[in-house]
Amino acid sequence: MDARLNLFGNQVATKSLKHFVSAGKVLSDSTLPAATQELVKIRASQINGCGFCTDMHTKDAAHAGETSVRLHLVAAWREATVFTDAERAALELTEQGTRIADAAGGVTDEAWANAAKYYDEDQLAALVSLIALINAFNRVNVIVQQPAGGYQPGQFA
């Protein structure tokens, strides 16, 4: 399977994605816990059907020490007992922020208030930005049908 567009060989795509990556660096340097960041990226990517990002972020999370049990249960986080209350709040915000078109009211006040119980203002800003950014990456990869499975941890570092 080949992508419809070579994102790494096209000058416009490369310049555009360089800005996405720069935004991602700001977020990875934030105080939002790294494990939470990976869980958010994985869950949004699952919802959006982005195989490339799901492959990348599950491998990066495993490489950083995340357990296989938690990685396997991200899609079923509501029923799983392996996530903290803070992670659960972030995953709920991720789902609602990713499924905006599916929910007439967007993100609920309850989901926001729950996240605000666990994250300070800077962490909330990072969480919101991360949800938006991973959704943008997902959309690019889904549109061009970027193949999944060949990513190696740290490949784009």
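Computed values, structure above
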item	result
Residue match in region 95-105 (condition: modelled with pLDDT under 95, in contact with a Gly (Cβ under 9 Å, 6 or more places away or on another chain) and open to solvent by less than 30 Å² (accessible area, probe 1.4 Å))	no
Residue match in region 14-29 (condition: more than 23 Å from Gln155 (Cβ to Cβ), without any contact (Cβ under 8 Å) to a residue 60 or more places away in the chain, assigned to a helix (DSSP H, G or I) and of a type outside the set (D, E, K, R))	no
Residues of region 109-145 that turn out to be open to solvent by less than 20 Å² (accessible area, probe 1.4 Å) and in contact (Cβ under 8 Å) with a residue 24 or more places away in the chain, as a count	11
Inter-residue pairs, beta-carbon under 8 Å, first under 15 Å from Val142 (Cα atoms) and open to solvent by 30 Å² or more (accessible area, probe 1.4 Å) and in region 38-49, second assigned to a helix (DSSP H, G or I) and among the small types (Gly, Ala, Ser), 6+ apart	Gln46/Ala75
Yes/no for Ala3 being open to solvent by less than 40 Å² (accessible area, probe 1.4 Å) and not in a helix (DSSP H, G or I)	yes
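The values are calculated or read from the model by the stated rules, or taken from the named source; none is laboratory data. Note that this is a predicted model, so its numbers are computed, not measured. Note: ideal-geometry Cβ built from the backbone for every residue, glycine included; neighbour counts use all protein chains shown. These accessible areas exclude ligands, DNA and RNA; they are computed on the full protein's heavy atoms, side chains included. Shrake-Rupley method; radii C 1.70, N 1.55, O 1.52, S 1.80 Å.
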